[in-house]
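Taking it in order: structure first as C-alpha cells, then the write-up.
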Amino acid sequence: MSDSSSSVVRLVRRPAQQSTYDDAAPRASLTDRLARRLGRIVPVARPGQTVYVVGAIVLAVLAVGLRAYHQLQSYELFMDEVQYADVANAFAGGRGPQLWDEPFYLHPPLAFLFFSLFVTHPVNDMTVGAVLSLRPALLIFGFVNTLLVVAVTRRVVGRWASLIAGLVYALDAFVVRFDSRVMLEAPMMFSVLAGVLCLLVAVERETVRARRGFLVAAGLFFGLAVATKSTSGLITAVPLMIMIVTGWGLRRREACGVLGLLFGVYGVYVLIVLLSGNISFWFDQTLAGTFRAIGLIKETGFTSKSNSPGFASRILANLSLFASSYALIGVAVCYALYLLFIGWRTLRGPRTGKRGAHAAPPGGAHARIRAGDPRVSGDPREATLSLVTCWLAGVLAAIMYTGALGEVEEQTFYLLAVPSTVVIGLLVTQAGRWAPPWRVVVGVAVVALFAGSLWGWWQVHTTRDDGYERVIPQVFAQVDHSAQICLGEQTAQFIMPGFGVHKLTSLDIARRNGCSYAIVSTALSNQGLANSTTDLNAEIAHDYPVVLSAHGRTSGDLLVYDLNRPLPGSGASAIAPDDRSLPLTGPA
C-alpha cells in the first residue's frame with residue numbers, strides 16, 4: 001500500500017462507535033425503539049456539536065441572503081425562465097404541462113409543479129412581472145442545499161472542512177447565479193445531494209437491515225432528481241453504474257436496487273403520461289432532448305452550428321465575474337482525478353490484512369464489498385470515501401462526454417460546480433496534514449477563493465442588469481397595443497402579449513410588416529445571439545431615434561427605436577407613418 005493512498009484513506013472522519021442492534025434482546029417500548037433508531041442517524045450532542053450545527057445554519061442563512069439581495073435586478077431575464085414560468089403558470093391554472101398552450105414534455109414536471117405553488121393568480125400570457133415573481137421561490141433551495149453540502153461533506157471529513165465546503169457553495173458566484181433564477185438546476189441538485197447523503201449514511205450502517213431504508217430513500221431521491229430534469233441522470237445513474245461494474249462503495253445488488261428505484265420513479269411519470277393520452281408528445285420531445293444530450297443534434301450551446309459564441313470566448317468574457325468559480329472547478333477536477341488514480345492503484349494492488357500507522361484497511365482505499373458478508377463493510381470510513389469517489393467519477397465521465405460530443409451549455413457546468421464544493425472539503429482535509437509551507441499555500445488559496453467569490457458576487461448584485469424589466473413595462477404603458485414591433489433580440493417576443501411581433505433581420509422586413517418600433521440589444525448582437533446584426537443596429541441608429549433605453553451587463557444597451565420618425569438629415573423615411581409616436585429620450 002503506498003503512502004499516497006493511505007493519506008487518502010485518512011481523509012475520512014472517524015465515526016462514533018455504533019451500538020449493535022440485538023434482535024434477541026427484550027422488546028423495548030415504541031419510544032425507546034424510535035430513540036435508538038434516531039440515535040443512529042442523529043449523533044448525540046457532544047462538545048462542539050452545537051457550535052457546528054449553528055455554524056451550518058448560519059451558512060444556510062448567509063446563502064439565502066446572498067441570493068436574495070437585489071435578486072430581481074441583478075440578473076437579466078433569461079429566455080428559459082420565461083418558458084419555465086409559463087409551464088408553471090399552466091400547472092397553476094389546472095391545464096397541466098403546457099408551453100404557450102401546447103403540450104410540453106421536454107422536461108419532467110416536478111420543478112414546474114413546485115414553481116406553480118408560488119403562482120397566486122394564473123395569467124393568460126407571460127409578463128416580466130409574472131416571471132420575476134417566481135425567483136424568490138429558489139431561496140428555499142439556497143438554504144436546504146447549503147445544509148446538504150455540509151452534511152454530505154461531513155460524512156467523509158471533519159466538521160470544519162465540511163463547513164468550508166458549505167461556505168464555498170454559499171459564496172460561489174456561478175452557483176449563486178443559477179440558484180437565483182427560475183431554472184431547474186437548484187431543485188434538481190436538492191434531490192441529487194439528498195440521495196448522495198442517504199447513500200453515505202447507508203454505507204456507515206453495520207448490517208444490511210440497517211442499510212436498506214437509506215438505500216430505498218436514495219433511490220427515490222435520485223428518481224425525483226430525474227423527474228425534475230432528466231440530465232441529472234448523468235450524475236446519479238452513471239455513478240451507480242460505476243459501482244455495479246467496479247464493486248466500489250456499494251454491493252453490486254444494492255447499486256442495482258438503487259438504480260432500479262431511480263428508473264421506477266421515472267417510470268411512474270411515464271405511466272401517468274401514457275394514461276393521460278399524451279405519450280406521443282412525450283416520446284417526440286424526449287427523443288429530441290436525448291439526441292441533443294448525446295450530441296446528435298446541436299441546436300444551442302457552445303458547440304452548436306449557430307452563431308452563438310464559443311466556449312473559450314465566454315470563459316474569457318466572464319472571467320472578471322467567475323474567475324474563482326473556474327479555479328474551483330479546475331482544482332476540484334484535478335483532485336478528483338487524483339482520488340480516482342489512487343483508488344485504481346489500490347484496487348489493482350495485492351490485498352493484505354496488516355494494519356499499520358500508515359496502512360489502509362484491507363482492500364485499499366476502495367475495497368470491494370463481499371456479497372456474502374452480513375456486515376457489509378469492515379470499515380465504514382473506507383466505504384464513504386469509495387462512494388464519494390464513484391460519484392465524482394460519474395460526474396467527471398458525464399461532463400467529459402458532454403464536452404467532447406454532447407450539447408454543451410452553461411448550465412452543464414452546474415452539474416460539476418456543486419460536487420466541486422464537496423471536493424474542496426476533501427482537499428482541505430488532506431492539506432491539513434502536509435508540511436507547514438504547503439498548508440500555508442493552501443490556506444492562502446482558500447482565502448483567495450472566498451475573496452474572489454465575494455468580488456464576483458459584489459459585481460453582480462450591486463449593479464443593475466434588468467433591461468427588460470425597465471423597458472418592456474414602458475412599452476406597454478406608452479405604445480398602442482395594436483402596433484407592430486420588430487425584435488432584434490429573442491426574449492421580448494414571449495413577454496409582449498397583444499403586440500404584433502416580428503423578427504428584425506433587415507429594414508425591408510420592418511417595412512413589409514409595417515413595424516412602428518424596433519427593439520435591439522447591442523451586447524446580444526455583438527455575441528451573435530440576436531436576430532439583428534451589429535451592422536443593422538448601426539444602420540437603425542443612424543436613421544432613427546431612441547425613445548426608450550436601459551443598460552445592463554447582459555443585454556448591453558436595450559434600445560427601442562421609433563421607425564416612424566427618421567432623424568433629420570438621415571435620408572430615411574417613416575416605415576409605418578403614425579401620429580402616436582413616443583417622446584424622444586436620447587441614447588442610453
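The values are calculated or read from the model by the stated rules, or taken from the named source; none is laboratory data. None of the values given here were measured: they were computed from a predicted structure. Every residue, glycine among them, receives a Cβ derived from its backbone with ideal geometry; neighbour counts consider all protein chains shown. All accessible areas refer to the heavy atoms of the entire protein, side chains included, with ligands and DNA or RNA removed. Shrake-Rupley method; radii C 1.70, N 1.55, O 1.52, S 1.80 Å.
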Pairs please, first residue from the stretch 265-278 and in contact (Cβ under 8 Å) with a residue 40 or more places away in the chain, second anywhere and among the hydroxyl-bearing types (S, T, Y), Cβ atoms under 9 Å, 6+ apart in sequence or on different chains.
Y266/S230; V273/Y105; N278/Y105
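It is to be established whether one or more residues within the stretch 400-409 are aromatic (F, W, Y) and under 16 Å from R177 (Cα atoms).
Step one: of the stretch 400-409, the residues aromatic (F, W, Y) are 401.
Right, trim to under 16 Å from R177 (Cα atoms) and you get none.
Within the stretch 400-409 (the criterion being aromatic (F, W, Y) and under 16 Å from R177 (Cα atoms)), the answer is no, since none of the residues qualifies.
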Among all residue pairs at least 6 apart or on different chains, which show Cβ distances below 6 Å where the first residue, located in the stretch 97-113, is within 10 Å of Q83 (Cβ to Cβ) and the second is acidic (D, E) and open to solvent by less than 60 Å² (accessible area, probe 1.4 Å)?
L99/D86
Give just the number: which of (1) of a type outside the set (F, W, Y); (2) more than 33 Å from the chain's Cα centre (by Cα); (3) open to solvent by less than 40 Å² (accessible area, probe 1.4 Å); (4) under 23 Å from G569 (Cβ atoms) does V479 not satisfy?
(4)
Do we have T146 as among the β-branched types (V, I, T) and free of Cβ contacts under 8 Å to residues at least 40 places away in the same chain here?
no
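Would you check which residues across the stretch 114-151 are more than 18 Å from the chain's Cα centre (by Cα) and hydrophobic (A, V, I, L, M, F, W, C) and list them? Don't jump to the end; show me each part of the working.
Initial filter on the stretch 114-151 (more than 18 Å from the chain's Cα centre (by Cα)): 116-133, 151.
Those that are more than 18 Å from the chain's Cα centre (by Cα) and hydrophobic (A, V, I, L, M, F, W, C): L117, F118, V119, V123, M126, V128, A130, V131, L132, A151.
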Residue that is farthest from D562 (Cα to Cα) [pool: residues in the stretch 460-514 that are among the polar types (S, T, N, Q) and not in a loop (DSSP other than H, G, I, E, B)]
Q493
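Could you please let me know if V42 is open to solvent by 40 Å² or more (accessible area, probe 1.4 Å), out of contact with any helix residue (DSSP H, G or I) (no Cβ under 6 Å at 6 or more places or on another chain), aliphatic (A, V, I, L, M) and modelled with pLDDT of 60 or more? Quick ask: steps written out before the conclusion?
On the way: open to solvent by 40 Å² or more (accessible area, probe 1.4 Å): yes; out of contact with any helix residue (DSSP H, G or I) (no Cβ under 6 Å at 6 or more places or on another chain): yes; aliphatic (A, V, I, L, M): yes; modelled with pLDDT of 60 or more: no.
Considered against the rule, which asks whether it is open to solvent by 40 Å² or more (accessible area, probe 1.4 Å), out of contact with any helix residue (DSSP H, G or I) (no Cβ under 6 Å at 6 or more places or on another chain), aliphatic (A, V, I, L, M) and modelled with pLDDT of 60 or more, V42 comes out as no.
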Going by what's in this entry, would L287 be described as at pLDDT 90 or above and exposed (fewer than 13 other Cβ atoms within 10 Å of the Cβ)?
no
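Among the listed residues R135, R159, identify the single one that is surrounded by fewer than 24 Cβ atoms within 10 Å (Cβ to Cβ), under 26 Å from V388 (Cβ atoms), charged (D, E, K, R) and in contact (Cβ under 8 Å) with a residue 24 or more places away in the chain.
Details: R135 fails: under 26 Å from V388 (Cβ atoms).
Result: R159 is the single residue among R135, R159 that is surrounded by fewer than 24 Cβ atoms within 10 Å (Cβ to Cβ), under 26 Å from V388 (Cβ atoms), charged (D, E, K, R) and in contact (Cβ under 8 Å) with a residue 24 or more places away in the chain.
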